[in-house]
Amino acid sequence: LGNEAFEKISGYEAKDILGKKPNLLKSGMTKEEIYQDMNQKLSNGQKWEGTLINKKKSGLIYYEKASIVPLF
């Protein structure tokens, strides 16, 4: 049911994140312009690729190279 790679990287299990927004991973270190670009592209139906600085469940910081595609 869960995503094993996500669980291993983030420390969150599926039960921890079901129904929650992805911003629980926000570290506060990713520039707001990156999120604005991501939201604009996804809202326009475009793919977004970039690097995010996220926070694990334990509080440790990690870099994530992401590729996100909107589903309709």
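The values are calculated or read from the model by the stated rules, or taken from the named source; none is laboratory data. Keep in mind that what you see is a predicted model, and the values were worked out from it rather than measured. Virtual Cβ from ideal backbone geometry, glycine too; neighbours counted across all protein chains shown. Surface areas here come from the heavy atoms of the whole protein model, side chains and all, with no ligands, DNA or RNA. Shrake-Rupley method; radii C 1.70, N 1.55, O 1.52, S 1.80 Å.
The table below gives the values:
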quantity: Whichever residue in region 6-23 is among the aliphatic types (A, V, I, L, M) and open to solvent by 60 Å² or more (accessible area, probe 1.4 Å) and, among such residues, is farthest from ASN39 (Cα to Cα); calculated: ILE9
quantity: Selected residue (only one of LYS31, LYS56, LYS65, LYS47 is within 20 Å of LYS8 (Cβ to Cβ) and exposed (fewer than 12 other Cβ atoms within 10 Å of the Cβ)); calculated: LYS65
